[in-house]
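Reading through the structure tokens given below for one structure.
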Amino acid sequence: MRGAWSRLAGALVVGMALATGNAADAQTVRAVMNSDLKMVDPIWTTAYIQRNYGYMVYDTLFATDANGDIKPQMVDHYTVSPDQLTWTLTLRDGLLWHDGTPVTAADCVASIRRWAAKDTMGQKLATLVKDMPVVDAKTFRIVLAAPSGLVLTALGKPSSNVPFMMPKRVAETSPNEQITDTTGSGPFVFVKDEWKPGSKAVFVKFDRYKPRAEPPSGLAGGKVVNVARVEWLAIPDAQTAMNALIAGEVDYIEQPPHDLLPLLRADPSIRLIDYTPLGNQYALRFNLTAKPFDNAKVRQAVLYALNQPDFLKATIGDPQYYKTCKALFVCGTPFASTAGTDGLLESNFAKSRALLKEAGYDGTPIVLLHSTDLPVLANLGPVAKSLLEKGGFTVDMQSMDWQSVVARRAKKDPPAQGGWNLMLTSWVSADVLNPVATAFLNASCDKAPFGWPCDPELEKLRDEFARAPDLASQKKIAEAVQVRWTQYPTHVILGQWYQPLAVRKNIQNVVVAPVPVFWGLTKTWK
């Protein structure tokens, strides 16, 4: 009899342990993101894994909702003076940093200054700002030299670089130096002690975070966290990550490879979610500080040598997830145009070789950085190498993981000494919808993002766009920018593509936004 009771008690203990484990599991989301997290400064780099990290840890003054409208986020209310020159912003009550201290207006001013020194749109806004005085603990002003519609557009910028608010002591770090203090005021706290680059990054719910009352919409509204813990797991092999998702060992994959989507679509335990309706835009970036791409004619040769279908077929494959588009500002959007693009991106190798001959290109190898570990980028490098060689270039393709590409593209060293000539990347379409937002069109020399183009004419047009009074005027300027881009190429657009994320069916209420976010979603253990 004693043995029977012992077995029953043991079974009860095991059952309680399983129930506890299931309950705990329902409070933890395990995700495989687009890349491993190896640095924690979303202002220092435009890389999307750092942007994703930023949305976990930090908050923003304004945010873009599902309709593309800019809404207050940390801001409670704001006013604009009759002459449109003075914006007065007041923060919401109850905003706290993760260390328990209150968020202040001084923190926000310092954060805006650091972001504006680095970000393309921030830099343009900064040219219009005369002063940003602090009024009191929760209120500050932005005083402009001329009226501009950029204030809300810039402060509500949805993607890289996002104007995340940081404590003043952190925000006073040089924008050219990476921060190490991870204190934010966002819905999650980064657990630095559990961070193991190459293995995992851990976030836990910030219990003292005060969400807005509105329902979530895009990146705006109430950031209500329904889970206790989020783990980003580094699983570089796509098939391994896919097997883990199917087995229930992970809950969420940000970028499942397109060639494996039919397998996921057939699994009843998996859902595919189109969370970025505008899609993405592939791009090849020039380093304009190093020969031969300091010569505009050599860059124009690249525009003739390349074509979009080869890149899209090699990386995406399934036509339902891509389309060719010569519009610099994304097909199907207000500033879409094909002005100046006749004959470009059609692999006219004879034209490319002729331009190289005119430019005096001597066959010196160009260093092409090739990312190997991200499925949506891995096949871009070999395609570029093949097409460029057919167009008359000598190409030294150097392969490495994405984070190494991110680190190396920031260097101005000569290509033969650890620098670079070309790299390939992708932008969320929300980042490239107009001349001011598009980082690769920033042609302000040393202040421009990696690649460092330097063209007063492009900058003049971008300034005019920032001051344009209406949509009709903006459209004319945007078209002029595109034409100038064909004459002074800063990068090459390689087509639009679309990426669903994959989740297990027990993950619900995923927020549809240009960025993968973890507030709002729920998880059950079954």
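Values in this text are rule-based calculations from the coordinates and carry no lab data. From a predicted model like this one, the values you see are computed outputs, not experimental measurements. Don't worry about glycine lacking a Cβ; one is built from the backbone with ideal geometry, like all the others, and counts go over all protein chains shown.
Can you tell me the orientation of helix 349-359 relative to the chain, as the angle in degrees between its alpha-carbon axis and the longest Cα principal axis, to the nearest 10?
Result, in degrees: 60.
Are any of the pairs LYS196/LYS412; LYS124/LYS157; LYS118/LYS168; LYS124/LYS297; LYS297/LYS411 more than 22 Å apart by Cα-Cα distance, and if so, which?
LYS196/LYS412; LYS124/LYS297; LYS297/LYS411
Convex hull over the alpha-carbon atoms of the range 280-497: what's its volume per residue in Å³?
Here the figure is 106 Å³ per residue.
For the range 48-171, build the charge dipole from Cβ charges (+1 Lys, Arg; -1 Asp, Glu) around the Cα centre, then report which of MET165, ILE70, LEU91 sits farthest towards its positive end.
Result: MET165.
With +1 on the Cβ of every Lys and Arg and -1 on the Cβ of every Asp and Glu, and nothing else charged, how large is the dipole of the range 48-171 about its Cα centre, in debye rounded to the nearest 20?
Charge dipole, the range 48-171, about its Cα centre: 400 debye, nearest 20.
Just from the alpha-carbon atoms, what are the Rg and Dmax of the chain in angstroms?
24.3, 98
How large is ³J(HN,Hα) for each residue in the range 311-323, as worked out from phi by the Karplus curve 6.51 cos²θ - 1.76 cosθ + 1.60 (θ = phi - 60°), to whole Hz, x for Gly and Pro?
5, 5, 5, 6, 9, 9, x, 7, x, 5, 10, 8, 7
Under 16 Å from the Cα of LYS523, which aspartates and glutamates turn up, not counting those fewer than eight places away in the same chain?
ASP25, GLU231, GLU249, ASP251
Treating the beta-carbon of each Lys and Arg as +1 and of each Asp and Glu as -1, no other charges, what is the dipole magnitude of the chain about its Cα centre, to the nearest 20 debye?
Computed charge dipole of the chain: roughly 420 debye.
Within 12 Å, Cβ to Cβ, of MET397, how many net charges do the neighbouring residues add up to if Lys/Arg are +1 and Asp/Glu are -1?
-1
Can you give me the Cα centroid spacing of the range 448-484 and the range 240-268 in angstrom?
That distance is 42 Å.
Arrange the peptides 180-189, 406-415 so that the one whose residues have, on average, the most other Cβ atoms within 10 Å appears first. Mind showing how you got there, number by number?
Working: 180-189: 21.0, 406-415: 16.5.
Top to bottom by mean Cβ count within 10 Å: 180-189, 406-415.
Search the structure for amide H atoms under 5 Å from the amide H of TRP44, placed 1.01 Å from N in the peptide plane, and list their residues when 5 or more places away or on another chain.
Amide H to amide H, under 5 Å and 5 or more residues apart or across chains, TRP44 pairs with nothing.
Rounded to the nearest 0.05, what FRET efficiency do SER81 and ALA106 have when you use their Cβ-Cβ distance and R0 = 25 Å?
Working: r = 22 Å, r/R0 = 0.87.
For R0 = 25 Å, the calculated efficiency reads 0.70.
For the range 48-171, what's the relative contact order in percent, using C-alpha pairs closer than 8 Å and at least 6 residues apart?
32
Calculate the length of the line joining the C-alpha centroid of the range 26-53 to that of the range 282-357, in whole Å.
First find each Cα centre; the distance between them is then 29 Å.
Let's test this: bin the Cα-Cα distances of the range 48-171 at 5 Å from zero up to the farthest pair and state each bin's percent.
With 5 Å bins starting at 0, P(r) equals 2, 11, 22, 27, 22, 11, 4, 1, 0.
Among SER35, GLN487, GLN308, pick out the residue whose Cα is farthest towards the positive end of the charge dipole of the chain, where Lys and Arg carry +1 and Asp and Glu carry -1 on C-beta, about the Cα centre.
The one lying farthest along the dipole's positive direction is SER35.
Does anyone have the angle between helix 471-487 and the longest principal axis of the chain? Alpha-carbon axes, 0 to 90°, nearest 10?
Here the helix axis deviates by roughly 70 degrees.
Quick test of your reading: applying the under-4.7 Å Cβ rule, which cysteines of the chain are isolated?
CYS108
Treating only the Cβ of Lys, Arg, Asp and Glu as charged (+1, +1, -1, -1), what charge dipole size does the range 280-497 show about its Cα centre? Round to the nearest 20 debye.
Values: 23 positive and 21 negative charges, 36 e Å.
Value, rounded to 20: 180 debye.
Mind checking the log10 I(q)/I(0) for the range 369-468 at q = 0.22 Å⁻¹? Debye, one equal scatterer per Cα, no solvent, two decimals.
Log-scaled intensity ratios, in q order: -1.20.
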